[in-house]
Amino acid sequence: MKMAKVGVLVEHEAAVRKWKYGLNVFEKYVEEILQHVGISYTVVSKLDATSLQTYDILIVACSQENGAKSAILWSYVEQGGTLISYAGINALALPLGYIQTGDIGVGYAEIEPTRSGQPSTLRFLSANPWIKAGDSSSETDAPVACKSIGTIKQGHPDGSDKGSALQTFEVGQGSIHRWTVNIPLTVVHMQQGTGPVLDDGVPAADGSANVNEDILKADDRIALDWHCDRVETDTGVPYFPWPYADYWREALVRHVLRCAIDKGMTLPFTGYWPDGISQVVTISHDSDSNQDEHALATLELLAECQIQTTWCMIEPGYSPPIYEQVKQAGHELAFHYNSLEKDNGFWDETEFDRQVDWLKQATGLEHVTTNKNHYTRVEGWGELFQWLEKNDIPSDQTRGPSKKGNVGYLFGTSHPYFPIALFDEQNRFYRVVEIGFLTQDLDLGHLADNRVIEPFLQQAREVNGVAHFLFHQIHIYTRAEVRDAIRMLVEQAREMGFTFWKSKQIQDWTRLRRTVRILGCDDNGSIHLEANEAVEGLVIWVPMAPNAVFKPEEGHEIQFGVPCSKVVVDRKVESKVSNG
């Protein structure tokens, strides 16, 4: 089948107008969602009737809502194009026989699950439903037929019904697909918070997560609900069980893939991990009290478990011989920025730089690969990512829980991702891979117990993501229960098919697979790629035609709810364009 050409409309004129008035264009985060699954697309910065015909599918991320612009989009659809929007294109409502109701805020959507483990409802942060217009309001002689999918509820899973999750309209030779939910914005707020961290967050009413302790942290701006989005283990530990952002990503991707299939085309994409790896578990440590005996006990346990981990070092660190032992054992030395005032730290760019320099001098590292902020201390929105970029630190692990009652998927994702900046930086993507963690120091008593291990691993496996666990060396040394929890984690992860990777391996592969661009595919299964580096083991999934015979024995699998054939790039991409 022919490969569909996808355009993402981020009209420059419209974006600049929003930035001028301090408004974000988080809708452009659809680019990051597509990049993460390796779907090839082209950014369209100017709305031009002629150039739009190049694209089989046009995703409208940002465009001026006026009659002239809408006429161009309408013409594109009439001539056979597929138009997709996420709570936008409101100027097209009346021509379709509808009117918008305005943003209803937070709610829950019932949509077709992409995975067997997906919950029946997904939380969203913004939705703008359309309702049918009265006869006197409609600009069309006859209302355009609408196919509705799913439902949305306002406020709570059992809240008032506000209409469909997705509406599809057939116009001329093409179609308009409008999600009521603003999916890109929802993903951004789940992953990065509902706004800059300027003051304490709202604590859990049951006292399990007192985030209002006068310490600014990443978890002060979580977008999830203490009541609706948590469950408890059989030992009474509350946790966030669902990576909502990952499920929204999957819903978006599945819909785009199906739009291509409906046009008699295909849209190949890349697997998340190298062939043979389905999901990853990573363990990191924060050195905190910096006693050499803590490090030695940790080295001993990790050798017993036969795993390698990431060690985030805080000043003043260990004695020099310890660093050499850590390196020789194959572990990764990393940074643990201290801005916690009670530990003599403070939030400041110059201080961040100074501590990075200390780490390099103390450990002999020429290049720092990752960072995790002490106590998950964070202020503002993008300052940390700016400081990481400046110091050429390519990944971060700061986004995770600080309390017993907010462990789990409190940031909605188990996948590495590139964060987005605010309007003052024109919503650019930071050059930092974020790899959040799920919990820390199991079985300490005042934190979560080992009963969260299985559900955390299960959900990460469901979405082929990363299960990141944090353990401090001091607790490994002093508490047998913590050592046993690590043994249990390692055993369960291996039984469930996880691969153990360090932070650097995760971010290196994330960047490498994104250098590949799929240019096309042939009926014989050949894939045309553009890449400048070796991509051995990269998996390419090719959605199959509806009438194709599904043969699991030939490598066919269901991906994002779509039958796909599998192609593995089993050699280096030597030239800029080659067949996989």
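The values are calculated or read from the model by the stated rules, or taken from the named source; none is laboratory data. Small disclaimer: the values here were computed from a predicted structure and weren't measured. Positions of Cβ are backbone-derived with ideal geometry, glycine not excepted, and every protein chain shown enters the neighbour counts.
Could you check THR439 against (1) closer than 26 Å to ASP449 by Cβ; (2) in contact with a Cys (Cβ under 9 Å, 6 or more places away or on another chain); (3) among the β-branched types (Val, Ile, Thr) and say which number it fails?
Among (1) closer than 26 Å to ASP449 by Cβ; (2) in contact with a Cys (Cβ under 9 Å, 6 or more places away or on another chain); (3) among the β-branched types (Val, Ile, Thr), THR439 violates only (2).
Starting from the stretch 380-393, keep only residues that are in a loop (DSSP other than H, G, I, E, B), then list their pairs with residues that are modelled with pLDDT of 95 or more whose Cβ atoms are within a distance under 6 Å, requiring at least 6 positions of separation or different chains.
Listed pairs, sorted by first residue: TRP381/PRO196; TRP381/LEU422; GLY382/ALA421; ASN391/VAL356; ILE393/VAL368; ILE393/ASN371.
Yes/no matrix, rows are residues, columns are (1) surrounded by 21 or more Cβ atoms within 10 Å (Cβ to Cβ); (2) farther than 30 Å from GLU495 by Cβ; (3) at pLDDT below 95:
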| position | (1), (2), (3) |
| --- | --- |
| LEU296 | no, no, no |
| PRO316 | no, yes, no |
| PRO321 | no, yes, no |
| GLU324 | no, yes, no |
| LEU359 | yes, yes, no |
| HIS367 | no, yes, no |
| GLU383 | no, yes, no |
| GLN386 | no, yes, no |
| GLU389 | no, yes, no |
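Report, ordered by the first and then the second residue, all pairs with beta carbons closer than 7 Å, sequence separation of six or more or different chains, a first member in the stretch 57-71 that is at pLDDT 90 or above, and a second member that is surrounded by 20 or more Cβ atoms within 10 Å (Cβ to Cβ) and in a loop (DSSP other than H, G, I, E, B).
Hits for this filter: ILE57/ALA4; LEU58/GLY81; VAL60/GLY88; VAL60/ILE89; CYS62/VAL25; SER63/LEU47; LYS69/LEU47; LYS69/SER63.
Pairs only if they're at least six apart or on different chains, beta carbon under 7 angstrom, first in the stretch 484-512 and in contact (Cβ under 8 Å) with a residue 60 or more places away in the chain and outside any loop (DSSP other than H, G, I, E, B), second surrounded by 16 or more Cβ atoms within 10 Å (Cβ to Cβ) and among the acidic types (Asp, Glu); list them, first residue then second.
SER503/GLU332; LYS504/GLU332
If you check ALA448 against the conditions, is it surrounded by 23 or more Cβ atoms within 10 Å (Cβ to Cβ), part of a loop (DSSP other than H, G, I, E, B) and either of a type outside the set (Phe, Trp, Tyr) or at pLDDT 95 or above (or both)?
When the stated conditions are applied, ALA448 passes them.
Within the stretch 87-104, does at least one residue satisfy the condition of being at pLDDT 95 or above and either among the polar types (S, T, N, Q) or under 27 Å from PRO455 (Cα atoms) (or both)?
Yes.
Of the residues that make up the stretch 9-16, is at least one in contact (Cβ under 8 Å) with a residue 60 or more places away in the chain, closer than 25 Å to GLY271 by Cα and not assigned by TED's automatic domain parsing to the domain that holds MET544?
No, the conditions are met nowhere in the stretch 9-16.
Filter the stretch 418-445 down to the residues that are surrounded by 20 or more Cβ atoms within 10 Å (Cβ to Cβ) and either in a strand (DSSP E or B) or small (Gly, Ala, Ser) (or both) and list them by number.
ILE420, VAL433, GLU434, GLY436, THR439, GLN440
For the subset of the stretch 474-526 comprising residues that are touching a helix residue (DSSP H, G or I) at 6+ places or on another chain (Cβ under 9 Å) and among the hydroxyl-bearing types (Ser, Thr, Tyr), which member is surrounded by the most Cβ atoms within 10 Å (Cβ to Cβ)?
THR510
How about the stretch 165-198: which of its residues are in a loop (DSSP other than H, G, I, E, B) and either more than 25 Å from the chain's Cα centre (by Cα) or buried (at least 21 other Cβ atoms within 10 Å of the Cβ) (or both)?
ALA165, GLY172, GLN173, THR180, ASN182
Kindly indicate whether THR369 is among the β-branched types (Val, Ile, Thr), over 20 Å from GLN192 (Cα atoms) and touching a strand residue (DSSP E or B) at 6+ places or on another chain (Cβ under 9 Å).
When the stated conditions are applied, THR369 passes them.
Which of the residues spanning the stretch 94-131 are among the small types (Gly, Ala, Ser) and buried (at least 20 other Cβ atoms within 10 Å of the Cβ)?
GLY97, GLY107, ALA109, SER126, ALA127
Regarding GLY405, is this residue at negative phi, surrounded by fewer than 22 Cβ atoms within 10 Å (Cβ to Cβ) and small (Gly, Ala, Ser)?
When the stated conditions are applied, GLY405 does not pass them.
Sort through ASP200, ASP262, ASP234, ASP214 and tell me the only one that's closer than 29 Å to ALA165 by Cβ and out of contact with any strand residue (DSSP E or B) (no Cβ under 6 Å at 6 or more places or on another chain).
Answer to the selection: ASP262.
Does ASP48 satisfy being touching a Lys or Arg at 6+ places or on another chain (Cβ under 7 Å) and touching a residue at least 24 places away in the same chain (Cβ under 8 Å)?
Criteria not met by ASP48.
Of the residues GLY345, GLY317, GLY400, only one is touching a residue at least 40 places away in the same chain (Cβ under 8 Å) and farther than 30 Å from GLU462 by Cβ; which?
Step by step, each of GLY345, GLY317, GLY400 is checked, and only GLY317 is touching a residue at least 40 places away in the same chain (Cβ under 8 Å) and farther than 30 Å from GLU462 by Cβ.
Could you look through the stretch 357-371, keep only residues that are assigned to a loop (DSSP other than H, G, I, E, B) and of a type in the set (A, V, I, L, M), and pick out the one that is farthest from TYR323 (Cα to Cα)?
Among those that are assigned to a loop (DSSP other than H, G, I, E, B) and of a type in the set (A, V, I, L, M), it is VAL368.
Which condition breaks for GLY80 when tested against (1) modelled with pLDDT of 95 or more; (2) loosely packed, with under 15 Cβ neighbours inside 10 Å; (3) under 25 Å from the mean Cα position of the chain (by Cα)?
The failed condition is (3).
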